[in-house]
Amino acid sequence: MDFAFDARTEELRTRLLAFMDEQVYPAEPVAEEQRARLASPWHTPPVVEHLKAEARRRGLWNLFLPDTEYGAGLTNLQYAPLAEITGRSPQLAPTALNCAAPDTGNMELLAQFGTEEQRKRWLEPLLTGEIRSAFAMTEPEVASSDATNIETRIERDGDDYVITGRKWYISGAMNPDCAIFIVMGKTAPDSPDVRRQQSMVLVPRDTPGVEIRRAMRVYGYEDHYHGGHAEVVFDRVRVPVGNLIGEEGGGFAIAQARLGPGRIHHCMRLIGMAERGIELMCRRAIGRTAFGKPLAAQGVVREWIADARVAVEQLRLLVLKTAWLMDTAGNRAAHTEIQAIKIATPRTVVEILDRAVQLHGAGGLSQDFPLAELWATARTLRLADGPDEVHQRSLARRELKRYA
């Protein structure tokens, strides 16, 4: 395994680091000021559109897509250090590069499973950043960590499907630019194979019967830049059968295919979040005095910083190994490693950011530093794309099989 940056990765990395310093970090306070003046908190601050245009001009666009027909054609190993850099400003940088969830997973899904008509109507405007999208799987009435529990019904009626159900924490759905939902529900609820009961359909947001009921908060944050997280009701929503993605009964398999890359992308960005936390921790430790000496002179603070550096280096190596394995052996062969990074990375980064908050005192809780929001984002990722315990259960089962 060789994790050295190749020439293309190094060139993109240099360009991206300059973009972050020259454009993204200065835009963070500007975006907050502009948001306060918007008619709706879900509208995009003008500075974000400026960042998107500048990213496209610099050739930093759709870097996540390995398919050269639609994206940059980077491998997971090439994309990893770039995604890490964007994680240092997770509210602005991924969106600026058109590399933000849930659009990334939806674009991958459409590129892999969509029909030519579906790709033309929905994938192309997503690739250009004209529209946003949402992925509607999680439901409030069932334990959605087990996707076979989903209760939303997708029933065939002539040339249409009729969708009835309630979803929540549907990321991106509050954004006015969100034009399309990918909805997962059951087309064959009585099938003896519980993994063949589900299907996915495309539902335009303006379809009659689609109701955005409310915005869901995340640790008190409304997560504006992410497009919010909505509770959505589908009340006998009717769409053509041509809106089916893949085949009936293929929804569970498609979801797994979508979630694999999404999980590693989250972990890549989390490492960038941890790096920003370490940077802020070090600057605070050097610049702040307590009890007659800098915080950096306190033994416990030095231990926090040292432990954080060790942890990040360990995580990065595991993520890079996973990326390399996905590239060389395929996502299925990397299943154990994908689960391992999904367990270890959010949990460890939450701990690092928690210590960074502690070192900043009351400031760490405030809007004057990005730490509280970074912490909330990292803590959320212990649930998103499957909670820790589900991955631990599956990983342990695979490990035990070796000795059965």
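The values are calculated or read from the model by the stated rules, or taken from the named source; none is laboratory data. Since the model is a prediction, treat every value here as computed from it, not as a measurement. Don't worry about glycine lacking a Cβ; one is built from the backbone with ideal geometry, like all the others, and counts go over all protein chains shown.
Has segment 200-213 got any residue that is touching a residue at least 40 places away in the same chain (Cβ under 8 Å), touching a Gly at 6+ places or on another chain (Cβ under 6 Å) and not assigned by TED's automatic domain parsing to the domain that holds V390?
yes
Name the residues in segment 273-295 that are surrounded by fewer than 18 Cβ atoms within 10 Å (Cβ to Cβ) and farther than 10 Å from L359 by Cα, would you?
Those that are surrounded by fewer than 18 Cβ atoms within 10 Å (Cβ to Cβ) and farther than 10 Å from L359 by Cα: E279, R283, I286, G287, T289, A290, F291, G292, K293, P294.
R8: more than 23 Å from I131 (Cβ to Cβ), at pLDDT 95 or above, surrounded by fewer than 20 Cβ atoms within 10 Å (Cβ to Cβ) and in contact with a Pro (Cβ under 7 Å, 6 or more places away or on another chain), yes or no?
Details: more than 23 Å from I131 (Cβ to Cβ): yes; at pLDDT 95 or above: yes; surrounded by fewer than 20 Cβ atoms within 10 Å (Cβ to Cβ): yes; in contact with a Pro (Cβ under 7 Å, 6 or more places away or on another chain): no.
Spelling it out, it is not the case that R8 is more than 23 Å from I131 (Cβ to Cβ), at pLDDT 95 or above, surrounded by fewer than 20 Cβ atoms within 10 Å (Cβ to Cβ) and in contact with a Pro (Cβ under 7 Å, 6 or more places away or on another chain).
Just checking, does segment 79-86 include any residue being touching a Pro at 6+ places or on another chain (Cβ under 9 Å), surrounded by 23 or more Cβ atoms within 10 Å (Cβ to Cβ) and closer than 22 Å to L353 by Cα?
Scanning segment 79-86 turns up at least one residue that is touching a Pro at 6+ places or on another chain (Cβ under 9 Å), surrounded by 23 or more Cβ atoms within 10 Å (Cβ to Cβ) and closer than 22 Å to L353 by Cα.
Please go through segment 300-333 and pick out each residue that is in a helix (DSSP H, G or I), small (G, A, S) and farther than 21 Å from V349 by Cβ.
Initial filter on segment 300-333 (in a helix (DSSP H, G or I)): 300-329.
Then keep just the ones that are small (G, A, S); that gives 306, 308, 311, 323, 329.
Within segment 300-333, just A329 meets the criteria.
Which members of segment 137-181 meet the condition of being buried (at least 20 other Cβ atoms within 10 Å of the Cβ), over 22 Å from E389 (Cβ atoms) and among the small types (G, A, S)?
If the condition is that a residue be buried (at least 20 other Cβ atoms within 10 Å of the Cβ), over 22 Å from E389 (Cβ atoms) and among the small types (G, A, S), then G165, G172, A173 are the ones that fit.
For I343, only one of the following conditions fails: (1) closer than 28 Å to P261 by Cα; (2) modelled with pLDDT of 95 or more; (3) out of contact with any Asp or Glu (no Cβ under 7 Å at 6 or more places or on another chain). What is its number?
Only one criterion is unmet by I343, namely (3).
M326 versus (1) closer than 21 Å to T9 by Cα; (2) surrounded by fewer than 19 Cβ atoms within 10 Å (Cβ to Cβ): which is the lone unmet condition?
Condition not satisfied by M326: (2).
Determine, yes or no, whether S145 is assigned by TED's automatic domain parsing to the domain that holds H224, touching a residue at least 12 places away in the same chain (Cβ under 8 Å) and out of contact with any strand residue (DSSP E or B) (no Cβ under 9 Å at 6 or more places or on another chain).
Details: assigned by TED's automatic domain parsing to the domain that holds H224: yes; touching a residue at least 12 places away in the same chain (Cβ under 8 Å): yes; out of contact with any strand residue (DSSP E or B) (no Cβ under 9 Å at 6 or more places or on another chain): yes.
Against the criterion (assigned by TED's automatic domain parsing to the domain that holds H224, touching a residue at least 12 places away in the same chain (Cβ under 8 Å) and out of contact with any strand residue (DSSP E or B) (no Cβ under 9 Å at 6 or more places or on another chain)), S145 qualifies.
Looking at segment 275-323 only, could you name the residues that are polar (S, T, N, Q) and under 30 Å from Q78 (Cβ atoms)?
Pass one, segment 275-323, residues polar (S, T, N, Q): 289, 298, 314, 322.
Selection gives Q314, T322.
What are the residues in segment 364-404 that are within 24 Å of the chain's Cα centre (by Cα) and of a type in the set (D, E), if any?
Answer for segment 364-404, where residues must be within 24 Å of the chain's Cα centre (by Cα) and of a type in the set (D, E): E373, D385, D388, E389.
Can you give me the number of residues within segment 316-333 that are modelled with pLDDT under 95 and not charged (D, E, K, R)?
So the first thing to find is which residues in segment 316-333 are modelled with pLDDT under 95, and the list is 330-333.
Checking which are not charged (D, E, K, R) leaves us with 330-331, 333.
So the answer is 3.
Look at segment 358-404 and say how many of its residues are closer than 24 Å to I264 by Cα and outside any helix (DSSP H, G or I).
Counting residues in segment 358-404 that are closer than 24 Å to I264 by Cα and outside any helix (DSSP H, G or I) gives 8.
Among the residues of segment 92-116, what is the count of those that are more than 20 Å from N76 (Cα to Cα) and either crowded, with 23+ Cβ neighbours inside 10 Å or without any contact (Cβ under 8 Å) to a residue 12 or more places away in the chain (or both)?
Within segment 92-116, the subset more than 20 Å from N76 (Cα to Cα) is 92, 114-116.
Keeping just the survivors that are either crowded, with 23+ Cβ neighbours inside 10 Å or without any contact (Cβ under 8 Å) to a residue 12 or more places away in the chain (or both) gives 92, 116.
Qualifying residue count, segment 92-116: 2.
Can you tell me which residue within segment 258-299, out of those that are free of Cβ contacts under 8 Å to residues at least 40 places away in the same chain and in a helix (DSSP H, G or I), is nearest to T348 (Cα to Cα)?
E279
Farther than 30 Å from G220 by Cα, of a type in the set (A, V, I, L, M) and touching a residue at least 12 places away in the same chain (Cβ under 8 Å) - does that describe any residue in segment 351-368? First the steps, then the outcome.
From segment 351-368, those farther than 30 Å from G220 by Cα are none; that's our starting set.
No, segment 351-368 contains no residue that is farther than 30 Å from G220 by Cα, of a type in the set (A, V, I, L, M) and touching a residue at least 12 places away in the same chain (Cβ under 8 Å).
State all residues of segment 1-53 that are farther than 27 Å from A215 by Cα, outside any helix (DSSP H, G or I) and aliphatic (A, V, I, L, M); if no residue qualifies, say none. Even if it seems obvious, please write down each step before you answer.
So in segment 1-53, the residues farther than 27 Å from A215 by Cα come out as 1-23, 25-26, 53.
If we keep only those that are outside any helix (DSSP H, G or I) too, we end up with 1-6.
Once the filter is applied, which keeps residues that are farther than 27 Å from A215 by Cα, outside any helix (DSSP H, G or I) and aliphatic (A, V, I, L, M), segment 1-53 yields M1, A4.
Out of all the residues in segment 11-47, which are without any contact (Cβ under 8 Å) to a residue 40 or more places away in the chain, polar (S, T, N, Q) and under 25 Å from I131 (Cβ atoms)?
Q34
Among the listed residues S191, S199, which satisfies the condition of being of a type in the set (S, T, N, Q), assigned to a strand (DSSP E or B) and either more than 24 Å from the chain's Cα centre (by Cα) or surrounded by 17 or more Cβ atoms within 10 Å (Cβ to Cβ) (or both)? Spell out how you get there, then give the answer.
Working: S191 fails: assigned to a strand (DSSP E or B).
The unique qualifying residue is S199.
Quick one: what pairs do we get from segment 153-179, first residue closer than 15 Å to D235 by Cβ, second among the basic types (K, R), C-beta under 6 Å, 6+ apart or different chains?
R153/K186; D160/R238; V162/R236; V162/R238; T164/R153; T164/R236
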